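Structure first, then comments.
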Amino acid sequence: MSETNAEPQEHGPEIAANKVAVIIPARDEVLTIADIVARTRAYGYHVLVVDDASGDGTAMAAYKAGAEVLVLKVQRGNLRAIQAGMGWMLEHRRLKPQWLVTIDADGQHAPEDIAGLLDLAGRKPDTVVIGSCPERSSWMRQMVWAFFRRLSGLKVHDMTSGFKAYSIRAASVMCGTRAYGLAYQDVPTLLLLKREGFNIEETAVSMVPRRAGISRVFSSWGKVALYMSNVTWQCFMHRLKVLAGIK
C-alpha cells in the first residue's frame, strides 16, 4: 500500500441539492441549452433558465429539457437576466433555496463543477465563489483583467467568469437598489458585494471552447472599449464610495 504525505483536503458541510437553484441566463443558445439543463438537473438542482428575448427557440429547448423558464420579452443583457432570475427565486420561495448558482448557457462551463463551488461556499458562507479558469483567456482579455485587478483592488484572476455561487443574502444585494445602475455581472457587482462585506474567492474549474456564438464583450474593439469605459467609471465610483463610507 502506498503512503502519501499530502494533507487531507478540507471540505465544507455538504449542501443538499434541494437547497440549490441554478440560474442560466441565455440568449440564442438553442444549440447548447438542453445539454446544460440536463447535466445540471442530473445532480438534483432546480434549474431556472432566463431567456433574454431569444429568437431561436432557446426557451422551448430549455423547457423540454426540464428547466423552469422565465422569458424576458425585451433583451435586457446578461446582468439583468441574472437579476431577473434571482428576483424570481427570491419572490417565489416555494423551493426555499439557500444558494443560487449562475452558469453560462454556451456550454463552456461544466455543471459537474458546481459541487466544487458549493463546497467552498459551505465552508465560507459570507463568500461569493467564482468558478475560475484564467488560462481560457486571449491576450486581449488578459490585458483587460490585469488592468482591472490593479484599478479595482480585486484579487481575482478570472475577472469575467459568469460561473458563481451566491448565498441568498448575496443574491438579495444583487437584486437591491444599489445594483440598479450596474451594467455588467463581473467587476462592478463584485465591488458592490465587497462593500457589503462579502469576501470574493475563486476555485478552479474546467472549461471547454465555446460550441457556437461569440463573446458578447470581447467580440470587437468597440465592445471592449464600451466595457472598459463603463467598468473603469464603476471602479472610480467604488473608490469614492469607500472613501466616503458609502455602501
| request: Within region 185-196, identify whether any single residue is under 15 Å from the mean Cα position of the chain (by Cα), surrounded by 15 or more Cβ atoms within 10 Å (Cβ to Cβ) and over 19 Å from Tyr227 (Cα atoms), and answer yes or no. | output: yes
| query | Since Tyr180 meets every condition but one in (1) at pLDDT 85 or above; (2) aromatic (Phe, Trp, Tyr); (3) out of contact with any Phe, Trp or Tyr (no Cβ under 8 Å at 6 or more places or on another chain), which condition does it not meet? | reply | (1)
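Looking only at region 54-74, decide whether some residue is of a type outside the set (D, E, K, R) and closer than 24 Å to Glu196 by Cβ.
Pass one, region 54-74, residues of a type outside the set (D, E, K, R): 54-55, 57-63, 65-67, 69-72, 74.
Subsequent filtering for residues that are closer than 24 Å to Glu196 by Cβ retains none.
Scanning region 54-74, I find no residue that is of a type outside the set (D, E, K, R) and closer than 24 Å to Glu196 by Cβ, so the answer is no.
Please state which one of Trp99, Trp88, Trp145 is buried (at least 16 other Cβ atoms within 10 Å of the Cβ), out of contact with any helix residue (DSSP H, G or I) (no Cβ under 8 Å at 6 or more places or on another chain), under 26 Å from Arg27 (Cα atoms) and not basic (Lys, Arg). Steps first, answer last, please.
Details: Trp99 fails: out of contact with any helix residue (DSSP H, G or I) (no Cβ under 8 Å at 6 or more places or on another chain); Trp145 fails: out of contact with any helix residue (DSSP H, G or I) (no Cβ under 8 Å at 6 or more places or on another chain).
When all the criteria are applied, what remains is Trp88.
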| Given (1) surrounded by fewer than 18 Cβ atoms within 10 Å (Cβ to Cβ); (2) in contact with a strand residue (DSSP E or B) (Cβ under 9 Å, 6 or more places away or on another chain); (3) among the acidic types (Asp, Glu), number of the condition Asp106 does not satisfy | (1)
| task | State all residues of region 198-222 that are surrounded by 14 or more Cβ atoms within 10 Å (Cβ to Cβ) and modelled with pLDDT under 80; if no residue qualifies, say none. | result | Arg210, Gly213, Ser215, Val217, Phe218
| remark: In region 148-178, residues that are in a helix (DSSP H, G or I) and surrounded by fewer than 20 Cβ atoms within 10 Å (Cβ to Cβ) total 8
| query | Of the residues Val49, Val69, Val129, which single one is farther than 27 Å from Trp221 by Cα, without any contact (Cβ under 8 Å) to a residue 40 or more places away in the chain and surrounded by 21 or more Cβ atoms within 10 Å (Cβ to Cβ)? | reply | Val69
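The values are calculated or read from the model by the stated rules, or taken from the named source; none is laboratory data. Since we're looking at a predicted model, the values are computed, not measured. Counting neighbours? That spans all protein chains shown, and the Cβs are built from the backbone with ideal geometry, glycine included.
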